[in-house]
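Please read the structure below before turning to the comments.
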Amino acid sequence: MSPLIEQETALPATAPAEEARWSWPPLFGLLEVQFGAAVGYLQTAVPYWLAKDGMPLAEIGVLSGTAFSPHAWKLLWVPLIDLGPWRRVWYGVSTLLTAVLILACAVFPEPGQHLGLFTLLLTALQAAATTAHAALNGLMATTSKPSDKGRTGGWQMAGNVGSTALMGALAIFLASRFSRQVAGIVLSTLVLASGAGIFWITERHDPATAPTGPLFRAAVDRVKSIVVDLAKTAFSRDGLIMLILCLAPVSCGALTNLFSAMAGAYQVPEHTVELVSGLGMGVTGAVGSLVGGWLSDRMNRKLAYALMGGATALCAFAMAAGPMTTSTYIWGSLAYSLANGAGFAAFAGMVLEMVSDGAAVTTKYSLFVAASNFAISYTTALDGHASEFRNIGTRATIAADGLITLVGITIVALIFTLFLRKKPAAAPAAA
């Protein structure tokens, strides 16, 4: 069996005796289960239950977009994670809160009758989960071997996409066999069990986090370092281009937030929804993530991200053009999930390439992820509202997702043409 930690090349004799330790890439897939459980609960289980209770798709889209919003504005508190070498503590505490809030949402009585409070609970759940996710991203950027960045991003996204689908479908399955309360208990337990893997991560010591004087002065200096590093990255040419790529709806995969709510329009039995949304999308999403991580190490990562977005758009258009049958729902959801997993992995590799060094590693990663999640939130809401266009319904939602994605890819193509292909001007020859 492979060891959980891989040893770095021996340090020079003049260096301290402490050996650096690199994290085993598949471990990040396990540690993403807490995030997948929280997102899957909101992405798959909640829309399915609310649609079954009679809530319109447009209202479900607004609820999903609102509750997912902490993934975009988490940048308000994530810089705190960079203040010291406590990313493992942040992950552990936030994972515990995630488990508690999943349970609270599951036991909430009649959510459709108290939609405001239920939305608030779901929003708090996503805030806790995305904080743990941010801490894990920082650990991934600082404890993974430089040559493994693509593979690490692929494994993380495999755990992310796979557990999101599996946990959401597991909640539906358990609720249909027992109750929504039982589903919450099981998901909370799995979150806590998978989170124990954090004890196999060795947080790397950053001398910049060690106080060199009075505590207050050291904290102020650390904050300054974080702000300078963040500003240097965000306002650089490459940083601004990356922000635009993340804000554009290139590879959002927003339909995965609404597929379970569309099951009725396709006359899909509940058991089939469980299989497709769970095992089916979990496997295809994970496979797509591993493939996307592999590809992102072998080509321009920004181009890979755009290509995977194009694949999701093609899947959406094909599904929108197909008949409203169970078969269309099955192959459309699985194909879209495969392309979406590859796009997420390409995104992770693209961001890891930029943020692995400096005082604001977690903050920088979260800046780009927040921008991307903002795109996912507004695309989800737009997809939901598209169902009201000329009363076309579900087919309009799916087609709108493809059109929105094409707009995002067009933005990327313009950026690539105007900026990324340009070579720096050669320095004038010396006289």
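The values are calculated or read from the model by the stated rules, or taken from the named source; none is laboratory data. Keep in mind that what you see is a predicted model, and the values were worked out from it rather than measured. In this analysis, Cβ positions are derived from the backbone assuming ideal geometry, glycine residues included, and neighbour counts consider all displayed protein chains. Calculation scope for accessible area: heavy atoms of the full protein, side chains included, ligands and nucleic acids excluded. Shrake-Rupley method; radii C 1.70, N 1.55, O 1.52, S 1.80 Å.
Only Cα pairs within less than 10 Å get springs; with that Gaussian network setup on the chain, which residue of 308, 55, 167 has the largest fluctuation? The residue with the greatest mean-square fluctuation here is 55.
Using every Cα-Cα pair within region 128-197, state what percent have a distance larger than 14 Å. Within region 128-197, distances greater than 14 Å cover 68 percent of Cα pairs. Per-residue 3J(HN,Hα) values for region 303-319, derived from phi via the Karplus relation 6.51 cos²θ - 1.76 cosθ + 1.60 with θ = phi - 60°, read 5, 4, 4, 5, 4, 5, x, x, 5, 5, 5, 4, 4, 5, 4, 5, 5 Hz in sequence order (x marks Gly and Pro).
A cut-off of 5 Å between modelled amide H atoms, ignoring neighbours fewer than 5 places along the same chain, links residue 144 with 23.
For the chain, with a Gaussian network of springs between Cα atoms less than 10 Å apart, report the residue from 111, 249, 25 with the top mean-square fluctuation. Of 111, 249, 25, the Gaussian network model singles out 111 as fluctuating most.
First select every other residue whose beta carbon is under 15 angstrom from the beta carbon of residue 235; then total the charges, Lys and Arg +1, Asp and Glu -1. Mind dumping the intermediate values first?
Values: positive: 232, 237, 364; negative: 229, 238.
Neighbourhood net charge equals +1.
Taking a ≥ b ≥ c as the square roots of the eigenvalues of the alpha-carbon gyration tensor, region 223-334 is classed prolate because a/c is 1.5 or more and a/b outweighs b/c. Once every Cα of the chain carries one equal point scatterer and solvent is ignored, give the base-10 log of I(q)/I(0) from the Debye formula at q = 0.07, 0.12 Å⁻¹, two decimals. Log-scaled intensity ratios, in q order: -0.33, -0.95.
The distance from the alpha carbon centre of region 283-358 to that of region 60-130 is 25 Å, rounded to a whole number. Other residues within the sphere of radius under 11 Å centred on the Cβ of residue 256, judged by their own Cβ, net out at -2 (K and R +1, D and E -1).
Measuring only protein heavy atoms, the 1.4 Å probe finds residue 238 accessible over about 70 Å².
Write down the Å³ per residue value for the convex hull defined by the alpha carbon atoms of region 293-398. Numbers along the way, then the final one.
Working: hull volume 10.3 nm³, N = 106.
With only Cα atoms used, region 293-398 gives 97 Å³ per residue.
Against the main long axis of the alpha-carbon atoms of the chain, helix 281-296 sits at an angle near 30°.
When the chain is described by a simple charge dipole with +1 on each Lys and Arg Cβ and -1 on each Asp and Glu Cβ, the residue from 296, 68, 122 located farthest towards its positive end is 296.
Spread over its residues, the convex hull of the C-alpha atoms of region 336-410 is 87 Å³ per residue. For region 265-369, the solvent-accessible area works out to 34 Å² per residue, with a probe of 1.4 Å and every protein chain left in place.
Expressed as a whole percentage, what fraction of the accessible surface of the chain belongs to carbon and sulfur atoms when a 1.4 Å probe is rolled over the protein heavy atoms? Walk me through the numbers before you get to the answer.
On the way: 12800 of 18290 Å².
Within the chain, the accessible surface is 70 percent carbon and sulfur.
Build a GNM of the chain with springs between Cα atoms under 10 Å apart, and of 360, 129, 193 the one that fluctuates most is 193.
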